[in-house]
4 protein chains.
Amino acid sequence: MSTAKSATAAPPDILRAAALELVVTDLEASRNFYHDVLGLLITFENAEEIHLRAFEEYLHHSLVLRKGPAAAVRRISYRVRSPRDLDAAERYFGELGVRVERRAKGSTRGLGELVHVQDPLGFPLEFFCEAEHVERYTQRYDAFGAATLLRLDHFNILTPDIPAARQYLLDLNFKVSEEIRDELGTTFASWMYRKPSVHDIALTQGDGPRLHHFAFNVQERHEILHICDHLGALRQSERIERGPGRHGVSNAFYLYMRDPDGHRVEVFTANYYTGDPDNPVKIWSVHDNQRRSWWGHSIIPSWYTEASGVLNLDDELQPVATHQGSIELKATVGADGY
Amino acid sequence: MSTAKSATAAPPDILRAAALELVVTDLEASRNFYHDVLGLLITFENAEEIHLRAFEEYLHHSLVLRKGPAAAVRRISYRVRSPRDLDAAERYFGELGVRVERRAKGSTRGLGELVHVQDPLGFPLEFFCEAEHVERYTQRYDAFGAATLLRLDHFNILTPDIPAARQYLLDLNFKVSEEIRDELGTTFASWMYRKPSVHDIALTQGDGPRLHHFAFNVQERHEILHICDHLGALRQSERIERGPGRHGVSNAFYLYMRDPDGHRVEVFTANYYTGDPDNPVKIWSVHDNQRRSWWGHSIIPSWYTEASGVLNLDDELQPVATHQGSIELKATVGADGY
Amino acid sequence: MSTAKSATAAPPDILRAAALELVVTDLEASRNFYHDVLGLLITFENAEEIHLRAFEEYLHHSLVLRKGPAAAVRRISYRVRSPRDLDAAERYFGELGVRVERRAKGSTRGLGELVHVQDPLGFPLEFFCEAEHVERYTQRYDAFGAATLLRLDHFNILTPDIPAARQYLLDLNFKVSEEIRDELGTTFASWMYRKPSVHDIALTQGDGPRLHHFAFNVQERHEILHICDHLGALRQSERIERGPGRHGVSNAFYLYMRDPDGHRVEVFTANYYTGDPDNPVKIWSVHDNQRRSWWGHSIIPSWYTEASGVLNLDDELQPVATHQGSIELKATVGADGY
Amino acid sequence: MSTAKSATAAPPDILRAAALELVVTDLEASRNFYHDVLGLLITFENAEEIHLRAFEEYLHHSLVLRKGPAAAVRRISYRVRSPRDLDAAERYFGELGVRVERRAKGSTRGLGELVHVQDPLGFPLEFFCEAEHVERYTQRYDAFGAATLLRLDHFNILTPDIPAARQYLLDLNFKVSEEIRDELGTTFASWMYRKPSVHDIALTQGDGPRLHHFAFNVQERHEILHICDHLGALRQSERIERGPGRHGVSNAFYLYMRDPDGHRVEVFTANYYTGDPDNPVKIWSVHDNQRRSWWGHSIIPSWYTEASGVLNLDDELQPVATHQGSIELKATVGADGY
């Protein structure tokens, strides 16, 4: 992305982070984790793929698990406001000079017409507008567990060049809610949103394109504690990678887990409203030790270094570009972006 | 009980309120309520009876549901410290002149030798020491629901003559934690304990012998809220009779439900420690409108007037003696005891 | 409003329900309730007025208490996206034929230029764009109480003609999230939003213009329970009018209180996201007894009948028009709209 | 304690862990931590000492902070059932051959007559029966914070010879609830109780006599999370040493903090009932990685190695005996006892 093009076309009106497709090597193990343990609802499943959603979601899925030979991220999906925004996406990314493909309704189960893009950062994006409606479980308390995931909220991606990535997202009309910077003004990590929350996507400095994590929210903190207790009872405490804890950045109460393929999923609460145009951008110093953990906890190294590779539109694993920043800064900054 | 005898024998060393046997008319409906909705664990079941326990309990059962022609309470069970206390119970109640029966191990499934008593208040008591141990689910978080009942805590009984009933329990070495009285010193309701909690049994002024309710505790208040949400989702909100709310007396956060036969069950949290000998007795004025509900809520009339009849040792429904106190006082005092 | 005009001008782009000004008769008593008990932060106060905000708010105030001779609602404030939307509001309401006044920056303390309107329903609206920024207390956990109000969320108004009021708000580009209707398609109550939540304003059938309540949210349910316990400890349980409980409509866990002047304030959690254009509208039958209370609780009559009068732009109390619907329906439907 | 005497006299009837006196070097800093941050109530204070209690406690104090030149533990206090148990304590410890002193009422402010003992493990014990009663804040919700400490619950001590210490406590009629052992039957840590909870005292293998920590309980887990958030907001996250987390042993949800002098205090919830004579003893393998942390978290080294020295009855710091067990075992076992 060093010689980034810019587009003259208007960008699509992106509503929000909407869905994710993961390639998993053991579909049954993943089903156990996401459905039996985390309690996500299954909209559809067969021997090759499982479509899941959280309790307040009424679209067909927010997570697709697809059986494959090697763990990877196959699709990161955004919903756009109208069918015209699919046209806009096609034009916009076309002008950016990246690969763009229009796909017919149903090419992803449950969704309408699609635009697939290999974005300038290397991520395989999916834009959709129409989606099949399914039952919203908001009040299906008879199906609630001791922890109940409500909505897919955001993605966190690793990318080597934060300023370029940040500009790319600003051009797409994402706004910044919080950032980590140093005293020279260098930005190490950005939280950016379309829906009026802290983020739909966070940018973290690191080797990329890789997906650091995706996140679902719950209503209350005890639900996150229960997930830990539950994993303990299953003697799967190794699924817990980091947390529970409180982020300085974003104020989220978080838990990071690794699924059976090592994909990282966060469950968190809560968000704050960012929908007014003058919503203050919160800047954190890279030297503030509570930026990563409000409680001052140190962070397990795997959380800095490990992440999920992503596929291109031909389902081939994308090569990873190495972050070229100072090692010293990396040591200090490390997980700031997370 | 107007001409109550007293005993010279030492009373049995009662550990705590331990179990309850209910006659229910539709075993499947009761199973659905106590197991499927409230989440009690089933230790044993057949076509005639279901034995259930809560998650921190390791004895065979704390609740027995027995199929029968008419709803009633068949047994109220206390655990005693040692086998010698069964002998003590036999002697003690023998001296009181009430019916006492020694029964062999296994006459109640899961329990050892028993002493059954028709107590001076008319209640069918069961004393046991030995009981079969089963798995304690304290850390079986994989089996936890959004509300998880932990322990049977207490009984609340209706009896017409509170001073007599109170003295009977004091003689059995129960201690008083809280009481409702008027300015003349009349006691309208007493909370009395053996284990160091607010109560194992509460005495409420009213037509008796009847069981007002029995109670299980949970750890946190949101669990009680979930039970309400759950019943709402099942379109069984009529199971909710009173609450959720906070008692003045006892400080419990409570919910009262009616099971499919109308038996009243409370789920509550929390208790406070009363184990020091000088634990202050808290006296509430019968004129304090927050004694019933710390939040000042008014109380549904059924909660004052309805309760479960009890059987005698021949499984015949006990007649109910009418409370002879002033109607006026009853109107004012009413649910104070609850 | 029977001969409602419509406007050809574009309506202002309203961001959200933003603030409220109440006339209170005893400023100290109100300060005690909103600041000492509910914990709202004070941005400014003098002998005549107190400006308060909740913990996640960074604008000058969301609640103004103004000393006056009789309790009333003086202003209901919406924030608009840009200064141009003030012009739009001026034109739009001008075309509707209602009284419109442009007021200079500072005429309401802490806000920029204003448009004041006596809207077609009779409510004294305030539109603002600019506002003074103050400290956002999102992470000021050192100042958190056992209950911490986070944001003003919505208004609920009483108005006699729901279809007309609903159309008026649709014209202002409010969207419907949930409604109560009968089998003939009559709408009895509507929840309508601009920000992607269940509502910024709810319409309730009744004598109006009156304000039924305004609402702040908290993060977790135990905070609402604490408010009740706190009022109990202060021997002010009479402040609690209804709840805590769960609404069927909106799924909110609620508590309604009456402030020292009888103004009704709700504290609730939580909201669900409604920001996608195809967000399903949830229709409740007026005959569904869980629509008002998911737990089937009956509702105290005052909650149906009492509400706050509103002032016109000359600070005179507005006369109230009586709802002309069938008494029978009213009896059944009553509080549905709430 | 290698040549431990045994006593023929009956041991005193100990009710429970009751209080603690800490020497602190900066009384104001400690006051800030225990009163302003943790919210303990102050019963008495002057320039030399502060007496604090938790919200459900009605005795004069459960924590005394005394100004002194070096941080240490001055007294560990147990309450006994009756004045006769003071005599029993005097005889019993006299027979054990350790230093015993009878002290007059008031020699510790707020308490009656005392027996002070330098116990065989080297700890300065205080036994009392009478104590001044003060207001119990159980329902003083107007004074509740977002976290409200309810009762002092237990002590955890470091001592080199666990089998000897365990036998000493068994002789005092403490019972074991849970233990960590290896496959050879060696006990590495024991949780022992008088009141029917998991423990009044826990024994941890290590250099001693030292106090590892003392613990207060709260009702719900979110209160513990708030303490962390609060410390974060005060920029005192360094007070948080370990947690929040869930113990395998005891099932407690815990947080360990270090006060301004480095004394370690735990806040936790919840306890389970152990009051029946056949309460199952839970044995954990020293090789079970969830025994220390149910969630599998690793433990900060300071938590293993640092602890508070204790004074003798002449207020001189007690020398510490080194644990003689295998270094290898120590590395593996380490914090098991905690």
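The values are calculated or read from the model by the stated rules, or taken from the named source; none is laboratory data. On a predicted model such as this, the values are computed, not experimentally measured, just so you know. We place every Cβ from the backbone using ideal geometry, glycine too, and count neighbours over all the protein chains shown.
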Every pair of residues 6+ apart whose Cβ atoms lie under 6 Å, when the first sits in region B:211-237 and is more than 21 Å from C:Gly243 (Cβ to Cβ) while the second is at pLDDT 95 or above and hydroxyl-bearing (Ser, Thr, Tyr): B:Leu211/B:Ser308; B:Asn217/B:Thr269
Some residue of region B:227-236 being within 14 Å of the chain's Cα centre (by Cα), at pLDDT 95 or above, hydrophobic (A, V, I, L, M, F, W, C) and surrounded by 22 or more Cβ atoms within 10 Å (Cβ to Cβ): no
Single condition A:Glu241 does not satisfy, out of (1) part of a strand (DSSP E or B); (2) within 14 Å of chain D (Cβ to nearest Cβ); (3) closer than 26 Å to C:Leu149 by Cα: (3)
Single unsatisfied condition, D:Ser298 versus (1) hydroxyl-bearing (Ser, Thr, Tyr); (2) within 13 Å of chain A (Cβ to nearest Cβ); (3) on the phi > 0 side of the Ramachandran plot: (3)
Top-ranked residue in region D:209-222 [being assigned to a loop (DSSP other than H, G, I, E, B) and within 14 Å of chain B (Cβ to nearest Cβ); ranked as farthest from D:Tyr137 (Cα to Cα)]: D:Glu220
Which listed residue, of A:Glu179, A:Glu113, A:Glu132, is modelled with pLDDT of 95 or more and either within 18 Å of the chain's Cα centre (by Cα) or of a type in the set (Gly, Ala, Ser) (or both): A:Glu179
Residue match in region C:21-30 (condition: touching a residue at least 24 places away in the same chain (Cβ under 8 Å), among the acidic types (Asp, Glu) and within 23 Å of C:Glu316 (Cβ to Cβ)): yes
Single residue of B:Leu170, B:Leu149, B:Leu203 found to be within 24 Å of B:Arg264 (Cβ to Cβ) and either of a type in the set (S, T, N, Q) or outside any loop (DSSP other than H, G, I, E, B) (or both): B:Leu203
Qualifying positions in region D:126-153 - over 19 Å from D:Leu65 (Cβ atoms) and more than 13 Å from every other protein chain (Cβ to nearest Cβ): D:Phe127
Scan of region D:203-242 for residues that are of a type in the set (Asp, Glu) and over 20 Å from D:Asp36 (Cβ atoms), ordered by number: D:Asp207, D:Glu220
Sole residue being assigned to a helix (DSSP H, G or I), in contact with a Ser or Thr (Cβ under 8 Å, 6 or more places away or on another chain) and assigned by TED's automatic domain parsing to the domain that holds C:Asn156, chosen from C:Leu225, C:Leu231: C:Leu231
Residue among C:Arg102, C:Arg75 that alone is under 24 Å from C:Asn156 (Cα atoms) and among the basic types (Lys, Arg): C:Arg75
Any hit, region C:85-107, residues being more than 21 Å from C:Leu150 (Cβ to Cβ), part of a strand (DSSP E or B), touching a helix residue (DSSP H, G or I) at 6+ places or on another chain (Cβ under 7 Å) and at pLDDT 95 or above: yes
All strands (runs of 3 or more DSSP E) inside region A:250-326 with 3 or more residues being under 29 Å from C:Leu150 (Cβ atoms) and free of Cβ contacts under 8 Å to residues at least 40 places away in the same chain: A:253-258
The lone exception for C:Val134 - which of (1) under 27 Å from C:Gly309 (Cα atoms); (2) touching a Ser or Thr at 6+ places or on another chain (Cβ under 8 Å); (3) of a type outside the set (Ser, Thr, Tyr) it fails: (1)
Tally of residues being farther than 23 Å from A:Ala147 by Cβ and part of a strand (DSSP E or B) across region A:8-43: 4
Positions within region C:173-198 being within 14 Å of chain A (Cβ to nearest Cβ) and not in a strand (DSSP E or B), in sequence order: C:Arg194, C:Lys195, C:Pro196, C:Ser197, C:Val198
Residue match in region B:122-139 (condition: in a strand (DSSP E or B) and among the aromatic types (Phe, Trp, Tyr)): yes
Among residues of region A:76-117, those that are in contact with a Gly (Cβ under 7 Å, 6 or more places away or on another chain), surrounded by fewer than 15 Cβ atoms within 10 Å (Cβ to Cβ) and farther than 14 Å from A:Cys129 by Cβ, counted: 0
Filtered residues of region C:141-153 (kept if in contact with a helix residue (DSSP H, G or I) (Cβ under 6 Å, 6 or more places away or on another chain) and touching a residue at least 40 places away in the same chain (Cβ under 8 Å)): C:Ala146, C:Ala147
D:Ala47 vs. criteria within 21 Å of the chain's Cα centre (by Cα) and either farther than 15 Å from D:Glu130 by Cβ or not assigned by TED's automatic domain parsing to the domain that holds D:Gly122 (or both): no
Test for C:Phe268: is it buried (at least 21 other Cβ atoms within 10 Å of the Cβ) and within 12 Å of chain B (Cβ to nearest Cβ): no
Filtered residues of region D:8-23 (kept if more than 13 Å from every other protein chain (Cβ to nearest Cβ), β-branched (Val, Ile, Thr) and over 17 Å from D:Arg53 (Cα atoms)): D:Thr8
When residues of region C:284-300 are limited to those that are out of contact with any Ser or Thr (no Cβ under 9 Å at 6 or more places or on another chain) and farther than 30 Å from C:Ala72 by Cα, the one surrounded by the fewest Cβ atoms within 10 Å (Cβ to Cβ): C:Ser285
Residue list for region C:53-84, filter: over 23 Å from C:Ala10 (Cβ atoms), within 14 Å of another protein chain (Cβ to nearest Cβ) and either touching a Cys at 6+ places or on another chain (Cβ under 7 Å) or not in a loop (DSSP other than H, G, I, E, B) (or both): C:Arg53, C:Leu59
Residue within region B:163-180 that is of a type in the set (Ser, Thr, Tyr), on the phi < 0 side of the Ramachandran plot and in the same structural domain as B:Asp314 (by TED's automatic domain parsing) present: yes
